[in-house]
Amino acid sequence: MHRPRRNRLAALLAAVMIIWAAAPGPALAEDESAMSDEEVRELLEKSLNIAELDKEIERIAGQRRETAGKIQALNDSIAGLEAELDLRRERVGDVLRSWYMGERDVLIQAIFSSDSLSDLLAMLDYLDEMLSHDKFTLETYHKQREDWLEERERLIAEEKRLEEIERDLRLQRERVIRLRAEVDGIINASGDSERLRLLIAEWLAWWENTGLPEVERHFRALADAMESLPGWLAERKDLVKQSGFTYTVRLPEDDLNAFLREQNPLFESFAFRFEDGVVSAYGRREDLEVEIAGSYTIEDEPEHVVRFHTEKIVFNGFALPDTTIRELERRFDLGFYPQLLVPLVRATAVDADDGVLTVELRIGLRRRQNGNAE
């Protein structure tokens with residue numbers, strides 16, 4: 001790492017601290033047509049959005065290919081199942097024809113004309129076996145039919161999901177096209193397009209190699225800590241109060257920050273705040289800054305959880321695109337699961353204000369899908 005070049009870029013971007021590892025060149029600020037620090041920062045932020053949107057498009061495209069492969073496999077399975085059903089239908093038809101066209105009269109006559117008890121019992125056993133086989137054939141037909149219907153429902157669901165993925169993909173492509181046009185226009189009008197393109201390339205390389213791993217590191221550490229939070233709260237009777245069927249968890253931000261620092265040294269320079277319903281966190285280590293903001297909501301599907309929804313991530317002064325935020329949410333679960341604290345409880349309210357996160361819990365209370373308690 002060439003610290004003089006990083007410092008030169010930091011001076012150019014004022015509060016922005018990023019690595020500058022290219023060969024020396026004249027600073028943009030020395031040119032009469034140079035862009036302002038804020039304009040350069042906005043340009044880099046848009047370039048980051050483009051890069052992250054491109055990654056999201058590729059991820060969605062990969063999902064689309066995977067889904068298409070699953071649909072093709074389902075189609076092949078259903079085609080084979082239909083052939084098997086046709087065969088079962090023929091067999092059932094043979095069974096029914098044999099009973100109603102008299103082909104088994106000979107067997108029935110043989111039963112009543114048996115000369116000995118042993119012959120009669122053997123004949124009855126044979127008849128029972130044939131009837132059992134016919135019953136099995138009919139049951140197999142019905143089971144195969146049910147399986148086919150389930151497979152068809154799965155196929156329809158996969159097709160709908162594919163349509164949604166393709167729709168999202170088109171929207172993301174439109175965003176990229178608009179952003180790329182904006183960036184190209186800024187670069188071409190700058191009078192120093194070569195330097196700007198080099199700056200963008202090095203900024204994106206630094207983001208991939210240093211910035212994104214650092215953000216992921218924070219989210220991974222937070223997810224691990226949240227997994228341990230219910231067990232820690234269970235030992236803190238001063239933070240969890242019970243009144244009848246109701247439990248109240250009052251978690252001051254100072255206690256949460258102390259807990260996090262026990263879990264991971266990374267949080268020595270990282271702190272949460274609870275104010276006006278917003279959960280925010282800020283951390284700085286050397287030249288790296290991370291700011292996270294979001295809120296908690298109660299969800300019942302696919303399981304009951306007090307879910308943290310990230311609304312903003314700012315890294316070294318750069319706001320990350322929503323696609324990156326959603327991907328981090330998908331990979332790292334920052335939710336609080338009340339039933340790991342007290343079995344059979346369900347959250348009824350959550351609030352973050354005046355430096356305290358408050359969660360109301362009630363035993364046996366279910367929530368309707370519209371969010372109203374029953």
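Taking the mean number of other Cβ atoms within 10 Å as a proxy for protection, how do you rank 321-329, 194-202, 40-48 from highest to lowest?
40-48, 321-329, 194-202
Using 0.36 nm per residue, how much length does the chain from residue 66 to residue 287 gain when fully extended, once their Cα-Cα distance is taken away?
Full-extension gain reported as 75.6 nm.
Calculate, in whole percent, how much of the Cα-Cα pair population of the stretch 200-348 lies beyond 28 Å.
Result for the distance tail: 22 percent.
Within straight cross-link reach of residue 143, meaning Cα distance under 20 Å, which lysines are found once same-chain residues fewer than 8 apart are removed?
Filter leaves 135.
Hey, can you find the accessible area per residue of the stretch 169-280 for me, probe 1.4 Å, expressed in square angstrom?
Accessible area per residue, the stretch 169-280: 53 Å².
Heads up, I need the accessible area for residue 280: 1.4 angstrom probe, whole protein in place, Å², nearest 10.
That residue has around 40 Å² of solvent-accessible surface.
From the P(r) of the stretch 277-368, could you give the percentage of C-alpha pairs in the tail past 23 Å?
Cα-Cα pairs in the stretch 277-368 separated by more than 23 Å: 35 percent.
At a Förster distance of 41 Å, what's the computed FRET efficiency of residue 351 paired with residue 171, Cβ-Cβ distance as r, to 0.05?
Given R0 = 41 Å and the Cβ-Cβ separation, E is 0.75.
The values are calculated or read from the model by the stated rules, or taken from the named source; none is laboratory data. Nothing here was measured: the structure is a model prediction, and the numbers come from that model. Virtual Cβ from ideal backbone geometry, glycine too; neighbours counted across all protein chains shown. Quick note on the areas: whole protein, heavy atoms, side chains included, nothing else; ligands and nucleic acids left out. Shrake-Rupley method; radii C 1.70, N 1.55, O 1.52, S 1.80 Å.
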